[in-house]
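The values are calculated or read from the model by the stated rules, or taken from the named source; none is laboratory data. Source: prediction; values computed, not measured. Neighbour counts are summed over all protein chains in view; Cβ atoms, including those assigned to glycine, are modelled from backbone coordinates with ideal geometry.
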Amino acid sequence: MLTAILSSPWYLQQARLGLFGDYIDGLASHLLAQGYRRDSRRHKLHLVVAFGHWLQAHRHRLVALDEAKVDLFLRARRRHRTVQRGDLTLLHWWLEHLRSGGHIPLRPNPTPSALDRALLAYTDYLQRERGLAQRTVGQYQGYIREFLVSRFRHSSIRFNALSQADTHGYLQRKSQVVCPNALHGVVAALRSYLTFLRLHGKLQTDLASGIPAVACWRLSTVPKYLKPAEVEQLLNSCNQGTVRGQRDYTVLLLLARLGLRAGELVAMRLDDLHWDSGEMLVRGKGQRYDRLPIPEDVGTALATYLRDGRPPCQTRHVFVRICAPHREFGGSYAISAIVQQAIDRIGLHPPRKGAHVLRHSLATHMLQKGATLTEIGEVLRHRNPITTELYSKVDLNALHALAQPWPEEGV
């Protein structure tokens with residue numbers, strides 16, 4: 001593997017004689033598997049080899065290798081202006097690689113703080129007793145960490161010292177920086193945490209019942225959507241002759257034809273595509289799994305992307321990054337970014353530019369073609385029929401029949 005990156009006999013000898021000589025082939029295999037360009041592979045390999053030689057020159061043993069040594073090495077290289085973006089990430093990955101192989105000692109676990117212990121118990125409660133999804137657990141944990149830090153700052157955490165004034169003050173501060181929909185999540189997290197504290201005897205007062213509701217009513221908004229012609233413009237804007245264009249076209253087509261959520265595309269795996277039966281498994285919200293048929297145009301786009309566009313990589317996720325390292329998307333924001341870039345490319349200016357606008361567009365188009373709300377709810381996989389009622393607001397023909405004439409003056 002090493003010879004596939006280094007061709008110079010002198011460089012090969014330097015790599016083999018360094019402190020990491022016995023393990024350098026593992027790094028070469030990783031760089032090749034991740035699809036880095038030739039010059040990037042060589043730079044990263046030279047960096048690790050130089051790190052090994054620097055350790056030897058300063059008489060550092062392999063068993064003493066840790067993050068502090070990495071910082072010292074990069075500080076020394078920075079004097080010569082040779083540090084590049086990504087060097088620190090690579091060297092930290094190299095340490096974890098050596099640790100996982102048993103070549104250097106494992107990093108000692110830091111002693112958790114009182115705040116960490118409190119959050120760990122709450123996280124365990126959310127996962128084991130409430131059964132919440134990992135994303136929801138992460139959001140709740142972030143809100144509660146912020147709440148506790150703002151209340152106790154650098155003092156010790158005393159749960160019985162919490163009062164309704166603390167919760168109200170925190171909600172007032174959050175209401176100034178987040179929208180009402182997001183504030184719903186903050187309220188839910190606070191109520192959940194205060195209930196957890198009372199159930200476990202850490203709080204004597206029922207503060208959860210005193211948290212106010214957020215003034216954000218269901219069905220108070222109108223769905224933001226694109227017209228069918230605009231959706232087709234969006235799809236046609238992708239250059240399917242390129243790897244990126246084929247991937248983006250497939251993503252947009254899945255959103256537009258099946259109404260998938262951004263997170264469902266991120267979670268989609270190769271094993272979820274059942275070509276023999278023409279179905280796909282969708283990993284939906286709330287750990288719910290659904291099977292959907294694969295339309296012909298969607299199947300063609302998926303097959304073309306997997307055959308010609310998807311970079312070779314180890315991950316089993318369907319959609320991966322085009323640039324190295326080739327791995328799955330980090331979150332839903334990556335899918336929404338693809339939609340936003342396509343919308344900007346064709347010069348549209350809708351109120352919403354995220355991935356969900358295509359889900360709304362599909363539902364609206366179905367309604368205009370005569371589909372019932374029940375049928376739309378089945379396609380979008382809504383658990384509660386009330387969720388689908390939002391789209392009745394865009395059925396103008398049905399609303400015209402309900403409209404009353406404006407009263408004239410004197411009548």
Looking at the range 182-198, can you tell me whether even one residue there is closer than 30 Å to residue 346 by Cα, touching a residue at least 40 places away in the same chain (Cβ under 8 Å) and not assigned by TED's automatic domain parsing to the domain that holds residue 311?
no
Among helices (runs of 4 or more DSSP H) lying entirely in the range 171-278, which contain 1 or more residues that are within 29 Å of residue 341 (Cβ to Cβ) and among the acidic types (Asp, Glu)?
228-236, 243-258, 262-267
Candidate set from the range 52-95 (those that are over 29 Å from the mean Cα position of the chain (by Cα) and among the aromatic types (Phe, Trp, Tyr)); member that is nearest to residue 18 (Cα to Cα):
54
From the list 345, 327, 321, 352, which one is at pLDDT below 85, under 22 Å from residue 249 (Cα atoms) and not assigned by TED's automatic domain parsing to the domain that holds residue 29?
352
Considering only the range 9-35, state which residues are modelled with pLDDT of 85 or more and in contact with a helix residue (DSSP H, G or I) (Cβ under 7 Å, 6 or more places away or on another chain).
19, 20, 21, 23, 24, 25, 26, 27, 28, 31, 32
Which one of the conditions (1) surrounded by 15 or more Cβ atoms within 10 Å (Cβ to Cβ); (2) modelled with pLDDT under 90 does residue 114 fail to meet, given that it meets all the rest?
(1)
In this structure, is residue 141 modelled with pLDDT of 90 or more, exposed (fewer than 12 other Cβ atoms within 10 Å of the Cβ) and outside the structural domain of residue 253 (by TED's automatic domain parsing)?
no
